[in-house]
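Take a look at the structure set out below.
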Amino acid sequence: MRHHIAAASSTPTTPATPYLDPSKRAKRRGSYNCGRCGLPKKGHVCDGTTTTTTNNYIVNSATDTPSTPRLPPLRTQRALSFDDVDVGDSSDNETAVGLGAIDEEEDENFFDADEIVSGGLPAGCMWEVMKRLPPSSVLLASGVCKGWRGIAGRVWKATEELRVRVPVNGSVGFVGSVLKKCCASLVRISLRMDSDVDATLLACIAFSCPNLESMEISTSELSVNRITGDELGRFVADRRCLTSLKIEGCSNLGSIVISSSSLSTLWLSDLHSLSKTIINCPNLKEVSLNFSHQENDITDLTTMMDNLGRFCPKLQNIHVASPKLSHATVLALSSANLRGLRMLSLVLGSGITDASVAAIAYSFSKLELLDLSGSGITDSGIGMICNVFSRTLSRLLLALCPNITSSGIQFATAQLPCLELMDCGMSICDPNVDDVSVKESNDNEPQKSSKLHHMYQKLIIKHNRLKKLSLWGCSGLDAICLNCPELRDLNLTSCKNLQPERLLLQCSNLESVHAADCENSLREVIETQIENAPLESQYLSKRMADGSKRVRVPHILSQQPSSDDSKQYRAPKRRCVVFMG
């Protein structure tokens, strides 16, 4: 942020500014004099007469005229300038300041909470207000008066977390001016860059935040990330307290050589053509590597997976998205001794087959999440998943898997009792669309190929713990029957061939249904079935003798509600939102 210097002149128009003197900066406002009459300001009510005090004389402006001008200011005055960036562009929901706790006993210069500042508010009240403002508003508040400037300074010094959206014309200058105010207390920073990113930004953050623990840099569609792999490696190596690093738009890295003993979370997206990938982080627990979908990617994923298993033995969550994923990549990962792995996500790997599933099931027997979206597995692979992870798996994602059928999905829901989330989007597509090939004939009409057409499929799921089910793009389904009392979210987007009369929902707790690009009559059917879904009656369960839990009782033994009870008890009204798009 730029600062303007106001030069001192023989006839100044501004009063002296002793607050710039370091020896007087900690002085409280209680001993200041009134600007009109010159009397002590504390507990003083000005009577309207103006007096000017100097070392040798006192002049009353109501009767006399001062013969000597006021003394010039001892030092030049600095004024804050906001010309570098339009702070109005940053909305409150996109910028925020997180404050840490302040110990007033440790801070000798902490402000007096009962002191009255400009506007008639106590300093403690202004503190509570300012610490809830976004950075742009705190910057503006610091230019109101000296009291507000002091409290704003305390806000910046107590900041532990900073989330800022950097405008196009802000870049390093804007980030540096904000970080300079936070001193060494800042430990978490999140930047949304609308401007380009380069090594200068990393140097600015490294200089201003010596105790940084978490850094996140997200880029917009118009911004370019020019950080190279060597620059990123040096930044991580110098930050001994860094535990979390998340950066988007890493298309210009070229290579990854990261070595850190403190790093536990690493997210890198938009990777492309890495010549070398070495991640030596013994305490790393979560890694996410998203590669671009370009065909000329030369990254050796097999070597990368081998290095991950060798140098990161404490990995618990692994996410890799790349079209280059293959069975050899899975074998390299499964050969590592990652016994603590809980979440495995290998997305867009069409080369991943049922043999890859067998290797995963043999090496990692305690998975809680398995994401094989975009793979080439079949119903046999789903069977192996159910046999190995029947007691631990709670989230299964098999979107964009064209070789699985509704039978495999039904088998998975029946054999995985702990399942809470399942995604099968675009897995059961319309067979007529897939098998019809447009051929030009003499009549210029499309002709069907000679391949045997599959019948439309139906899906029947009964599960007691399933909370979220996604069937988006499953145009090959024409009938769905769901008996899931805990289901909260259902996605039926683009299920174009689903017939309303063949839809049955027995889901009493359903909150939202996404049915965009479906038949219009489907909405009324869904709302009617949700309203008429049976509720669990309070008379069908009974507490045990010790009061520990409720148990089901037969309908014959259940006490029939009396007329008075039926008037007092009202079943809660179900509210299910249907999104038709």
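Residue order by solvent-accessible surface for Arg163, Arg391, Arg239 is Arg391, Arg163, Arg239, largest first, with ligands and nucleic acids left out and a 1.4 Å probe.
Shown for the range 161-236: the carbon plus sulfur share of the solvent-accessible area, taken with all protein chains present and a 1.4 angstrom probe, equals 51%.
Note: relative contact order over the range 190-245, using C-alpha pairs below 8 Å and six or more positions apart, is 49 percent.
Taken per residue, the accessible surface of the range 207-291 reaches 43 Å², heavy atoms only and a 1.4 Å probe. Between Arg149 and Glu295, the modelled labels are 6.3 nm apart [label points 7 Å from Cα along Cα→Cβ]. What the Cβ-Cβ distance of Ser275 and Glu519 gives, at R0 = 51 Å and to the nearest 0.05, is a FRET efficiency of 0.50. Under a model in which nothing but the beta-carbon of Lys, Arg (+1) and Asp, Glu (-1) is charged, the range 149-270 shows a dipole of about 680 debye around its Cα centre. Given R0 = 41 Å, the distance between the Cβ atoms of Thr228 and Gln316 translates into a calculated FRET efficiency of 0.90. Note on the range 361-395 and the range 250-301: Cα centroid distance 25 Å, given to the nearest whole angstrom. Mind checking which of Leu421, Ser380, Ser363 is farthest towards the positive end of the range 354-425's charge dipole, using Cβ charges of +1 (Lys, Arg) and -1 (Asp, Glu) about the Cα centre? Checked the options; the winner is Ser363. Considering only alpha-carbon pairs that sit under 8 angstrom and 6 or more positions apart, the relative contact order computed for the range 281-410 is 20 percent. Quarter the surface of the alpha carbon convex hull of the range 218-293 and you get the mean projected area, 4.8 square nanometres. Accessible area per residue (1.4 Å probe, heavy atoms of protein chains only) ranks Phe174, Phe411, Phe207 as Phe207, Phe411, Phe174, with the largest value leading. Relative contact order of the range 213-321, taken over Cα pairs closer than 8 Å and 6 or more residues apart, is 22 percent.
Here the range 240-264 is scanned for amide nitrogen atoms under 17 Å from the site 7 Å beyond the Cα of Ala184 along Cα-to-Cβ, giving 240-242. Taking 0.36 nm per residue of separation and subtracting the Cα-Cα distance, full extension of the segment from Gln415 to Cys481 would add 22.0 nm.
The values are calculated or read from the model by the stated rules, or taken from the named source; none is laboratory data. If you're wondering where the values come from, they're calculated on a predicted model, not measured in any experiment. Counting neighbours? That spans all protein chains shown, and the Cβs are built from the backbone with ideal geometry, glycine included. Keep in mind that these areas ignore ligands, DNA and RNA; they rest on the heavy atoms of the full protein, side chains included. Shrake-Rupley method; radii C 1.70, N 1.55, O 1.52, S 1.80 Å.
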